[in-house]
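I have placed the structure first, in the form of C-alpha cells, so that the comments after it can refer back to it.
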Amino acid sequence: MKIIHLNYSDINGGAARAAYRIHQSLLNKGINSKMWVNKKNSDEWTVEEPISKKVKLLNEIRPRLINHTLGKMIKTKNKIIHSYSIFPSNWVRYLNESNADIINLHWIQNEMLSIKDISKIKKPIVWTLHDMWAFCGAEHYTDDFRWREGYNSYNKPNYEAGFDLNRMTWLRKKKYWKNPLQIVTPSKWLGKCVGESALMKNWNISVIPYPIDIDFWKSLDKKIARQYLNLETKAQLILFGALGGHRDPRKGYDLLINALKYLKDNEKRRIEIVIFGQSKPRFQLDLGFPVHYLGHLQDDLTIRTVYSAADVMVIPSRKDNLPNTALEAQTCGTPVVSFDVGGLPDIIEHKRTGYIAKSFDIKDLANGIYWVLDNCETTQLNNNARKQAILKYSEKKIAEDYLNIYKNLI
C-alpha cells in the first residue's frame with residue numbers, strides 16, 4: 001500500500017508537524033508513505049517538494065496575490081486566517097499520475113490546491129482536518145454558526161462588512177464537492193462540528209488523534225533541564241507556548257494575563273513564567289512575576305527540555321483542535337491546565353492529568369494553576385499524564401487506526 005500525504009509544509013506549524021508525525025508513524029510500521037509539500041524544512045528523504053525554481057516562485061506569489069486582492073475585500077473582526085483556494089495547481093496532475101493507493105490531504109491552503117482541484121483528484125481520498133476550514137467559508141476558525149446553517153445572504157454576522165467572501169467560498173465548495181470524502185478529525189469536538197455542518201453532515205467521519213513518539217517525548221531531570229535553560233531551580237514555573245505568542249487571539253494569551261492577576265496576591269509562592277514561541281517584546285507587560293522569553297524553538301530536544309523544566313503548562317485557547325503542545329507536555333509528564341474548549345478535554349483528564357477550567361472563566365483558570373502547583377510535589381499527576389499519553393497517542397496505535405481506514409476505503 002502506498003500513501004501520499006499532501007500538506008503545505010512538513011514541520012513548520014502545528015498542522016504540518018501533526019501531518020509529518022502521521023506520515024512518520026506509518027513509515028515506522030513499514031508502510032510506503034510519502035509526504036508532498038510546497039515548502040520543505042526537514043532533511044527527511046520521504047518528504048518531497050517541487051524542484052523547479054519557477055514552480056517555487058509561483059507558489060510564493062499566488063497566496064500573496066490573493067491576500068492583496070480578494071483578502072482586502074472582506075471586512076471582518078475575525079482576525080484568524082482566511083483561505084479562498086482559487087488558483088489551480090499542478091498537484092492534481094502529479095497525484096493522479098502517481099502510483100499511490102490513497103491520497104491523504106491535510107492542510108492544503110496558501111493556494112496549494114484550489115477548491116475545484118480537490119474534486120479532480122481521481123484517487124481515493126482521506127482528508128485529515130486540522131481546523132474548521134473544510135466545512136466553513138474561508139474562515140479557519142469562527143464563532144458564528146453559518147457553517148451549521150449554510151452561508152445564506154441573510155445570516156452574515158454583524159461584525160463583517162463588504163463583499164461576502166465567506167459565502168462565495170462556501171458556495172464553491174458546495175458546487176464542486178459533490179462526492180463525499182472520508183474525513184478524519186483529531187478531536188471529538190471537530191468531528192462533532194463536521195457532523196453538524198451543512199456541507200459535510202452526511203460524509204464519513206472518523207476521530208483519530210495525533211500520534212506522538214513516546215520514546216522521545218519523555219521527561220528529563222527537572223533540575224538539569226532548568227540549569228540548561230538558565231531557569232530558577234527553586235521557583236514554580238508556569239509554561240505558555242504558542243507560535244507567534246500573544247499575536248494570535250485564538251491562543252488566549254490575554255486570558256492567561258488576566259488569570260495571573262489572581263495569583264499575584266499569594267506571596268507564599270515563588271512563581272515565574274516561561275514563554276516560548278515568541279521573543280521578548282519591545283514593550284513588555286508587567287505580568288506580576290519574572291518572565292523568561294525563550295523565543296522560537298526549532299529543535300524538539302530543546303522543546304522537550306522546556307516541558308521537563310516546567311511544573312505546569314497552561315493552554316488558555318479560545319478555540320483549538322488538538323494542540324501538539326498539550327500532547328507533548330503530557331507525554332513528558334507535565335500537567336496541563338486549559339479551558340473546556342475544542343479538543344483539549346480529549347487530552348486532559350480533569351484533576352487526574354491536569355485541570356479543565358470552565359470556559360473562559362479566568363478565575364477558574366487561576367484555580368486550576370493553583371491546584372496543579374499544589375499537587376505537583378508528588379509524581380502522581382506526572383505519572384498519570386504520561387500513562388494516558390502512552391495509552392491514547394502512541395504511534396503504533398494511531399498508525400493502525402489509519403491503516404484500517406485506508407483498507408476500508410480501498
In nanometres, what is the gap between the two model label sites at SER206 and ASP299, each 7 Å from Cα along Cα-to-Cβ? 3.6
Can you tell me the relative contact order of the chain? Whole percent, Cα pairs under 8 Å, sequence separation 6 or more. 14
Using only the alpha-carbon atoms of the chain, report the extent along each of the three principal axes, biggest first, to the nearest angstrom. 63, 52, 41
Taking Lys and Arg as +1 and Asp and Glu as -1, residues besides ASN28 with C-beta under 15 Å from its C-beta add up to -1
I want the antiparallel fraction of DSSP beta bridges within the chain, as a percent rounded to 5. 10
Percent of Cα pairs exceeding the 24 Å cut-off, where the set is region 222-392: 27
For region 1-110, listing trypsin sites (Lys or Arg not before Pro) in a DSSP loop whose Cβ sees at most 16 other Cβ atoms within 10 Å gives LYS29, LYS77, LYS79
Projected label distance in nm at LYS351 and LYS280, using a 7 Å step from Cα toward the beta-carbon: 4.0
Once every DSSP H run of n ≥ 4 in the chain is given -39500 (n - 2.57) and the sum is divided by its residues, what mean residue ellipticity at 222 nm do you get, rounded to the nearest 500 deg cm²/dmol? -10500 deg cm²/dmol
Once normalised by the length of region 115-212, the mean sequence separation of its alpha carbon contacts under 8 Å that are 6 or more apart gives a contact order in percent of 33
Filter LYS29/LYS192; LYS53/LYS122; LYS122/LYS174; LYS218/LYS397; LYS77/LYS319; LYS54/LYS173 down to the pairs with a C-alpha to C-alpha distance above 20 Å, please. LYS29/LYS192; LYS53/LYS122; LYS54/LYS173
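Laboratory data are not the source of any read-out in this text; all were calculated from the coordinates shown. All of these numbers come straight from a predicted model, not from anything done at the bench. Cβ atoms come from the backbone with ideal geometry, glycine included; neighbour counts cover every protein chain shown.
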